[in-house]
Amino acid sequence: MKITKIAVVVLGILFISCAKQSKEEDFIPTENAFTTDAHYINPETALLSDGFEVCNEHYILQYYNPERARYSKGKNELRNFILSNYKNKNYTDSGYLNIRFVINCKGEAGRYVIHENDLNLKPKTFTKDLKEQLFELTTQLKEWNPNLITGKNGSAYYDTYMYISYKIEHGNITEIIP
């Protein structure tokens with residue numbers, strides 16, 4: 001089976017970030033536990049943080065939890081929305097445009113950060129208009145299902161980190177992950 005570079009990148013990010021915590025009651029945070037991990041998104045520097053609130057600042061779940069947050073209309077609808085609204089304005093850019101954010105326990109998205117890499121995974125800068133267009137489309141995705149975790153004390157919704165990676169070749173979106 002052929003594994004694409006984006007899958008390798010995503011898996012690398014997931015494994016490097018930090019160990020999965022299955023239950024909140026099993027986790028005893030250390031000083032700066034949430035601000036020194038690779039997954040952390042600083043609310044002071046993130047985009048669209050004003051007015052966005054998480055339910056528990058000290059316990060935001062990882063991307064790879066078994067019951068992770070999802071777009072409420074499904075992956076196909078997410079893909080259809082992006083592809084039907086994205087306009088390649090003669091862009092020549094190629095690479096991976098990764099947008100990371102938080103979905104809070106209410107299903108709201110905020111705290112966005114953008115990472116840009118070429119197809120060889122080296123840092124690059126995309127055309128400003130292309131980047132702004134994909135960011136705008138991504139932030140229009142408003143209906144998220146928050147992460148629901150069931151434990152010995154019942155079920156609860158949790159804040160979760162999320163990402164969308166766009167593989168772009170010659171200005172065209174060729175892949176959307178997850």
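The values are calculated or read from the model by the stated rules, or taken from the named source; none is laboratory data. The shown structure was predicted, so the numbers you read here are calculated from the model rather than taken from an experiment. Positions of Cβ are backbone-derived with ideal geometry, glycine not excepted, and every protein chain shown enters the neighbour counts.
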Fill in: Selection within segment 108-140 - surrounded by 17 or more Cβ atoms within 10 Å (Cβ to Cβ) and in a loop (DSSP other than H, G, I, E, B)
E108, F126
Item to complete: Could you give me the residue pairs with C-beta distances under 8 Å whose first residue belongs to segment 110-121 and is of a type in the set (G, A, S), whose second residue is part of a strand (DSSP E or B) wherever it lies, and which are 6+ apart or on separate chains?
Response: G110/F101; G110/V102
Worksheet entry | Single residue of segment 113-131 satisfying the filter (aliphatic (A, V, I, L, M) and more than 15 Å from I99 (Cβ to Cβ)) that is farthest from the chain's Cα centre (by Cα) | L119
Fill in: Every pair of residues 6+ apart whose Cβ atoms lie under 8 Å, when the first sits in segment 155-167 and is farther than 13 Å from Y71 by Cα while the second is hydroxyl-bearing (S, T, Y) and at pLDDT 85 or above
S165/Y96; Y166/Y96; K167/Y96; K167/T174
